[in-house]
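Read through the structure below, which is laid out as structure tokens, and then see the notes.
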Amino acid sequence: MQTIYALGSKEQFDLQNEDKFTVESMNQMYNLYLLMLDLMVEVHAFAKAEQEKISKKILATEEEKNPNTKFIKNQVLTKLSDNSELRDEISKRKLKHWRQNDEYVAIIYNEIVASDRYASYMEEEETTFKIDRKLIIDLYTEIIAPNDKLYDYIEDARLTWIDDLPMINMAVLRRLGKLKPASPESSLLPSLFKNEEDVHFGTELLEKTVANETFLANEITENTPNWDKERIADVDMVLIKMALCEFLKFPTIPVKVTINEYLEISKEYSTPKSSIFINGILDKLVKQYEREKRLKKEGRGLK
């Protein structure tokens, strides 16, 4: 989507290079996903180091000598920190951001410790995996995801990451939400591509959407007579074009799958009312294509 959106402002471009850019963009999105998991690992390590440092103070109080260890024993943080597959993947990709810029780890840790959510958790006597998981999800949602300083750092580290961040944050929260005590290490490390067909699909969708740009734009214009083209958000135009391309050029993808996918993307990337607008246009065009027998879907249940 981002590649097609960017191409709209270019007078000339090399589609082969854009294909490579698309694959690289997906790889960089995965790097950002790993970094957001690694941030929690580093916050956990920072918390342990801070507690150890305080307990060794010459004039440490009794409370400092025997601190509340509930946070550093949090089962989800421990599971993340002990995940050797995650550690190996981060090492392989040379993602050293938080080790080289540990001031951001300190910022997140200090905001966590100062939060009411942290205080209430530390006061609870009961400890279960479910309670520990809820804390990490809440801290990620309330402190990590909306942090302005972290946002600025990520934007400076790689400009394209800032557009990817909302989707990555949702992916992290979904993975954490499904985490269980017996979950294998691989449960936090989904494959970037299922197979070579997955990679091919991304580049093919790009190529076919760009190749049919004029046709797809006319389809939208002709079916939004009460809308000035200039009033339709650029992102909405791109999403509708991609969806129409899937309807007409990808016979093995079910119509419902296409619609649901682009409605979800619109909620993340476009205006609050975009999903309603996009759903209305796609629904109207699907019915029209069915009447005109233009939907050539293969296999049972694909319409």
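Some observations on this one:
- With q set to 0.11, 0.18 Å⁻¹, the log10 of I(q)/I(0) for segment 45-171, from the Debye formula over equal scatterers at the Cα positions, is -0.46, -1.21.
- Here is the list for segment 80-129: trypsin sites (Lys or Arg not before Pro) lying in DSSP coil, each with at most 16 other C-beta atoms within 10 angstrom of its C-beta, are 93, 94, 96.
- For the residues 130, 287, 208, a GNM of the chain with alpha-carbon springs under 10 Å puts the largest fluctuation on 287.
- GNM remark for the chain: springs join alpha carbons under 10 Å apart, and the peak mean-square fluctuation among 58, 131, 278 falls on 58.
- Theoretical FRET efficiency, 1/(1+(r/R0)^6), r = Cβ-Cβ of residue 288 and residue 180, R0 35 Å, to 0.05: 0.15
- Rg/Rh for the chain, where both radii come from Cα atoms and Rh is the Kirkwood radius: 1.06
- In plain terms, the chain is cut at each of the chymotrypsin sites (Phe, Trp or Tyr not before Pro) found in a DSSP loop with at most 14 other Cβ atoms within 10 Å, and the longest leftover piece is 14-226.
- Förster radius 35 Å - calculated FRET efficiency between residue 119 and residue 261, Cβ distance, rounded to 0.05: 0.30
- Cα-based helix-to-principal-axis angle, 213-222 vs the chain, degrees rounded to 10: 80 degrees
- Accessible surface of residue 206 - all protein chains present, 1.4 Å probe, nearest 10 Å²: 10 Å²
- Using alpha-carbon coordinates, inclination of helix 129-139 to the longest axis of the chain, degrees: 70 degrees
- Summary: within the chain, the longest segment free of GluC sites (Glu not before Pro) located in DSSP loops with at most 13 other C-beta atoms within 10 Å is 127-291.
- Applied to segment 96-102, the Karplus parametrisation 6.51 cos²θ - 1.76 cosθ + 1.60 on θ = phi - 60° returns per-residue 3J(HN,Hα) values of 9, 3, 6, 6, 8, 9, 6 Hz, with x for Gly and Pro.
- Volume of the convex hull of segment 131-207 (Cα atoms only), normalised per residue: 118 Å³.
- The HN-Hα couplings worked out from phi for segment 112-124 by the Karplus form 6.51 cos²θ - 1.76 cosθ + 1.60 (θ = phi - 60°) are 5, 4, 7, 7, 5, 5, 5, 4, 5, 5, 5, 7, 5 Hz, whole numbers, x standing for Gly and Pro.
- Segment 83-237: proportion of alpha-carbon pairs further apart than 19 angstrom, %: 72 percent
- From phi via Karplus (6.51, -1.76, 1.60), per-residue ³J(HN,Hα) for segment 179-186 in Hz, x at Gly/Pro: 5, 10, x, 9, 4, x, 4, 5
The values are calculated or read from the model by the stated rules, or taken from the named source; none is laboratory data. Please read all numbers here as calculations on a predicted model, not as lab measurements. We place every Cβ from the backbone using ideal geometry, glycine too, and count neighbours over all the protein chains shown. SASA here: full protein model, heavy atoms, side chains in, ligands and nucleic acids out. Shrake-Rupley method; radii C 1.70, N 1.55, O 1.52, S 1.80 Å.
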